[in-house]
Amino acid sequence: MKNTLTLFGLLALATACNRSETTQTKTDANGPNSLTATASVDSVASEKPQNCASVVESGKLDKANEYSESAKPIRVTITLRQDESSMPSADGCVFNNKVEVLATRKSGKQAFKRTLLKDDLVYFSKNDAVIEAGVLKSATYVPTFNSQKYITLGLRLTNPQTQRNTDFTVFMNYYGEIVKVR
């Protein structure tokens, strides 16, 4: 009995997940004019922005910077990468950036890998307008000089409209979770 119910449940789940296209037909009151709309989950594609600029020099993108402290049993590698999303600016559009943080133990075993976006700061900030208007420009490791069990990163957001910079300090634990933001 249990195997039969499991089999029917899996079969229902497989048929429900297999549907990716729906067709709806709507006929006008005139009769011969009909509208057909087809929506496909597979064919929905976001438009990629064309000719967007970057606030970061191309030499600093995709370059891994490794940091370690003698008092901490962990090495941190920070890489600034270009995100696919963009935002409008005075000169057209500007690409957003993301930060990949890879923490490895001194033995070489990976502790965590985390990708930080500017949207991660919204949960810890009182003023969301500064974060939403800004683009992630740089990320640096901030040493703590005491064997505290967290990693400190300095993130700089710049507003492409006004060229104003805003700095945030992000504290992460050894599991890759953001503890607090200043």
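The values are calculated or read from the model by the stated rules, or taken from the named source; none is laboratory data. The structure presented is a predicted model; accordingly, all values stated were derived computationally and were not measured. Don't worry about glycine lacking a Cβ; one is built from the backbone with ideal geometry, like all the others, and counts go over all protein chains shown.
Can we say Leu80 is modelled with pLDDT of 85 or more, touching a helix residue (DSSP H, G or I) at 6+ places or on another chain (Cβ under 6 Å) and among the aliphatic types (A, V, I, L, M)?
no
Could you list, in sequence order, all residues of the range 98-140 that are in a loop (DSSP other than H, G, I, E, B), of a type outside the set (D, E, K, R) and surrounded by fewer than 17 Cβ atoms within 10 Å (Cβ to Cβ)? Write out each step before concluding.
Of all residues in the range 98-140, those in a loop (DSSP other than H, G, I, E, B) come to 106-109, 117, 125-127, 134.
Now drop any that are not of a type outside the set (D, E, K, R), which leaves 107-108, 117, 125, 127, 134.
Residues satisfying the conditions are Ser107, Gly108, Leu117, Ser125, Asn127.
Given the conditions (1) farther than 20 Å from Thr166 by Cβ; (2) in a loop (DSSP other than H, G, I, E, B); (3) over 18 Å from the mean Cα position of the chain (by Cα), and given that Leu61 satisfies all but one, which numbered condition is not satisfied?
Unmet condition: (3).
In a strand (DSSP E or B), of a type in the set (D, E, K, R) and farther than 24 Å from Lys63 by Cβ: is that true of Lys180 in this structure?
yes
If I ask for residues that are at pLDDT 90 or above and among the hydrophobic types (A, V, I, L, M, F, W, C), which ones from the range 94-110 would you list?
Val99, Val101, Leu102, Ala103
Which condition from (1) in a loop (DSSP other than H, G, I, E, B); (2) buried (at least 16 other Cβ atoms within 10 Å of the Cβ); (3) free of Cβ contacts under 8 Å to residues at least 40 places away in the same chain is the one that Thr79 breaks?
It fails just one condition, (1).
From the residues in the range 46-60 that are of a type in the set (S, T, N, Q) and at pLDDT 70 or above, which one is surrounded by the fewest Cβ atoms within 10 Å (Cβ to Cβ)?
Selected residue: Asn51.
Could you run through the range 141-176 and say how many residues are more than 15 Å from Tyr67 (Cβ to Cβ), within 22 Å of the chain's Cα centre (by Cα), assigned to a loop (DSSP other than H, G, I, E, B) and of a type in the set (Ser, Thr, Tyr)?
So the answer is 1.
Going by the structure shown, is Phe168 buried (at least 19 other Cβ atoms within 10 Å of the Cβ) and either farther than 17 Å from Val56 by Cβ or at pLDDT 90 or above (or both)? Can you show your working first?
Details: buried (at least 19 other Cβ atoms within 10 Å of the Cβ): yes; either farther than 17 Å from Val56 by Cβ or at pLDDT 90 or above (or both): yes.
Answer is yes for this residue.
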